[in-house]
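Below is one structure; the comments refer to it alone.
Just so it is clear, none of the values below were taken in a lab; they were calculated from the coordinates. Note that the structure is predicted; figures quoted are calculated from it, not measured. As a convention, Cβ positions derive from the backbone with ideal geometry for all residues, glycine included, and neighbour counts pool all protein chains shown.
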Amino acid sequence: MSDANINATAADTALAGGLAPVTATSAGALIAAMHGGGAGLPEVPKPFAQPICLVPDARVAGTTHVADIAELAEHLSEGDRLRFERDKANRYDEWAIRVLDGNGNRLGFVSADINQIPARLMDGGKCLFGQVTGIELCGSWWKIGMGVWLDD
């Protein structure tokens, strides 16, 4: 290897934070493709990845405390994916998990009667999400049903 190639390799490694850069011909390209980072390469599904339903029939709690819930609920459909965010600073519930729609709007919380195990899983680094199972207006209250899923 010439001195120019050695210097170029050292510079590339320094730019990559001490790691060799991933190229389409390097061994790291497969790993990058498996994690969605392979530019120009097909995305490779993770082996045995399958969502697991933890709670098939839950409800979004606290919808009455969301000012624009009627508008948000009207834009939901069965099967829509909901994002979860841990709310560790919540002064009412140490296991609180915010429920957000696909645009990041807060719909409410995972109900306190089922949120401890999902919160512990999220605290342990697991990715959980909700999936809308039903939307119903009961008087002036929007009942949003959802399943709680572990993306593993």
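State whether the stretch 62-141 is rounded, prolate or oblate according to the following rule on the C-alpha gyration tensor (a ≥ b ≥ c being the square roots of its eigenvalues): a/c under 1.5 gives rounded; otherwise a/b larger than b/c gives prolate, and the remaining case gives oblate. Can you show the working numbers first?
Working: a/c = 2.05, a/b = 1.52, b/c = 1.35.
Prolate, because a/c is 1.5 or more and a/b exceeds b/c.
Between residue 113 and residue 53, the modelled label-to-label distance comes to 1.9 nm, taking each label 7 Å out from Cα in the direction of the beta carbon. Please identify which residues in the stretch 85-124 have an amide N closer than 15 Å to a label point set 7 Å out from the Cα of residue 67, following the Cα→Cβ vector. Only 105-107 pass the distance filter.
In this structure, residue 140 and residue 88 have a Cβ-Cβ separation that, at R0 = 35 Å, corresponds to a calculated FRET efficiency of about 0.65.
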